[in-house]
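Report on one structure; see the data block that follows.
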Amino acid sequence: MRIVTSTKNGQQELGIVIDDRFYSCSVIDQNLPTTMSDFLKGGEDTMNQLQIFETALRQGAMNRPYRLLDDIQLIAPVPQPTSFRDAYAFRQHVATSRRNRGLDMIPEFDEFPVFYFSNHQSIQGPGPVQCMPLHLNQLDFELEIAIVINKPGINIPAAQADEYIAGYMIMNDFSARKLQMEEMKLSLGPAKGKDFATAIGPYLVTKDELEPYKVQPAAGHIGDCYELNMTCKVNGTQVSVGNFASMHWTFAEIIERVSYGVQISPGDIIGSGTVGTGCFLELNGTARIADPNHKDQWLDLGDEIELEITALGKLSNSIVLYHS
């Protein structure tokens, strides 16, 4: 299923997308949850219930009024997450970024998956991203995948952790690199370099949609893994390409680490970290090694950023100046 949150008359509206049609949950059946928060709290029961209706609609076994996808305004599929963690799970990104700074690959990367907390109140969906002037100093995209949890748990072994995932989304963790680098000299963060905007969407895609792309994880790892192409275009020009299957630590292993001694809850979002080549910070550093005269590229006002991932859709955002 492709589950979305839209806005109608200023109110959030949960629904599903089938081809180019949007079906509101409140119209499909009055007993269905009408917000993503309530849907995720319902766990497998609400997931299975909605799946039955989606199958019936897709097969023509039932009819419900719908609106065309082009006529609705999508926001973040999970507009009010309970928390937001972002991992550091792609070896290529970590190794290349360190090499570009003259550093060896850090051996601890292979010992456990690491993550940081970011601002769950700054989650947004497709559309304009408002930036303050300091954010525009080396503003960057980050090409990632995110999951959302729909089952509470603590001390979850990786072998069982995929059962806690409701679905997958494209994620763009916008980064103000100059702010980030300044604050991390103090061995804390990232904080102000990250907390202003993270975009997810346009859909929450359930695991059944990804079955045709399932592959084995890397040797020595466990958990679901999918062959999904990942690209980023800026103003129509492709700047980044990667694949979800290159993720070193699986989401199952990340959940095991996250839940160690800590309760995870329905509505928690976890990002994968940046795929290899998936940000200007990495791309610029690599280009400077090849050409010392390389002129760095960063995002600027008016830029259009489009992330596309196989089976997960396209997430489009634009950069605008903050206004109250």
Some residue of segment 19-29 being in contact with a Leu (Cβ under 7 Å, 6 or more places away or on another chain), assigned to a loop (DSSP other than H, G, I, E, B) and under 28 Å from His120 (Cα atoms): no
Some residue of segment 245-253 being touching a helix residue (DSSP H, G or I) at 6+ places or on another chain (Cβ under 6 Å), within 18 Å of Ala161 (Cα to Cα) and β-branched (Val, Ile, Thr): no
Failed criterion for Phe109 (all others in (1) touching a strand residue (DSSP E or B) at 6+ places or on another chain (Cβ under 7 Å); (2) closer than 26 Å to Leu179 by Cβ hold): (1)
Residues that are surrounded by fewer than 18 Cβ atoms within 10 Å (Cβ to Cβ), under 22 Å from the mean Cα position of the chain (by Cα) and part of a loop (DSSP other than H, G, I, E, B), drawn from segment 159-196: Gly189, Ala191, Lys192
Where Leu40 falls short, out of the listed (1) hydrophobic (A, V, I, L, M, F, W, C); (2) touching a residue at least 40 places away in the same chain (Cβ under 8 Å); (3) in the same structural domain as Phe244 (by TED's automatic domain parsing): (3)
Matching residues, segment 197-217, being without any contact (Cβ under 8 Å) to a residue 12 or more places away in the chain and assigned to a loop (DSSP other than H, G, I, E, B): Gln216
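Any idea which of Val27, Val17 is outside the structural domain of Gly313 (by TED's automatic domain parsing), buried (at least 18 other Cβ atoms within 10 Å of the Cβ) and out of contact with any Ser or Thr (no Cβ under 8 Å at 6 or more places or on another chain)?
Values: Val27 fails: buried (at least 18 other Cβ atoms within 10 Å of the Cβ).
Going through Val27, Val17 in turn, just one is outside the structural domain of Gly313 (by TED's automatic domain parsing), buried (at least 18 other Cβ atoms within 10 Å of the Cβ) and out of contact with any Ser or Thr (no Cβ under 8 Å at 6 or more places or on another chain): Val17.
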Residue tally, condition touching a residue at least 12 places away in the same chain (Cβ under 8 Å) and at positive phi, over segment 218-260: 3
Given (1) over 20 Å from the mean Cα position of the chain (by Cα); (2) farther than 19 Å from Leu283 by Cα; (3) not β-branched (Val, Ile, Thr), number of the condition Gln138 does not satisfy: (2)
Residue in segment 85-97 that is under 17 Å from the mean Cα position of the chain (by Cα) and of a type in the set (Ser, Thr, Tyr) present: yes
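Looking at segment 282-295, can you tell me whether even one residue there is buried (at least 20 other Cβ atoms within 10 Å of the Cβ), within 24 Å of Pro77 (Cα to Cα) and either at pLDDT below 95 or not acidic (Asp, Glu) (or both)? Working first, answer last.
Let us first name the residues in segment 282-295 that are buried (at least 20 other Cβ atoms within 10 Å of the Cβ), namely 282-283.
With within 24 Å of Pro77 (Cα to Cα) added as a condition, the list becomes none.
No: segment 282-295 contains no residue that is buried (at least 20 other Cβ atoms within 10 Å of the Cβ), within 24 Å of Pro77 (Cα to Cα) and either at pLDDT below 95 or not acidic (Asp, Glu) (or both).
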Residues satisfying the stated conditions in segment 271-293, i.e. out of contact with any Ser or Thr (no Cβ under 9 Å at 6 or more places or on another chain) and more than 15 Å from Phe174 (Cα to Cα): Asn284, Ala287, Arg288, Ile289, Ala290, Asp291, Pro292, Asn293
Segments classed as helices (runs of 4 or more DSSP H), wholly inside segment 32-142, with at least 1 members that are at positive phi: 43-59
Residues of segment 244-268 classified as in a strand (DSSP E or B) and either more than 17 Å from the chain's Cα centre (by Cα) or surrounded by fewer than 17 Cβ atoms within 10 Å (Cβ to Cβ) (or both), total: 1
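If you check Pro107, Pro65, which single one turns out to be assigned by TED's automatic domain parsing to the domain that holds Val275 and exposed (fewer than 14 other Cβ atoms within 10 Å of the Cβ)?
Numbers: Pro65 fails: assigned by TED's automatic domain parsing to the domain that holds Val275.
The conditions single out Pro107.
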Among (1) closer than 29 Å to Val258 by Cα; (2) surrounded by 14 or more Cβ atoms within 10 Å (Cβ to Cβ), the one test that Thr7 misses: (1)
Those residues of segment 153-196 which are of a type outside the set (Val, Ile, Thr), more than 22 Å from Ile222 (Cβ to Cβ) and in contact with a Lys or Arg (Cβ under 9 Å, 6 or more places away or on another chain), in sequence order: Asp173, Phe174, Ser175, Ala176, Leu179, Gln180, Glu182, Glu183, Gly193
Single condition Gly220 does not satisfy, out of (1) crowded, with 17+ Cβ neighbours inside 10 Å; (2) part of a loop (DSSP other than H, G, I, E, B): (1)
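The values are calculated or read from the model by the stated rules, or taken from the named source; none is laboratory data. What you see is a predicted model, and the numbers here were worked out from it, not measured in a lab. Using ideal geometry, Cβ is built from the backbone for each residue, glycine included, and neighbour counts are taken over all protein chains shown.
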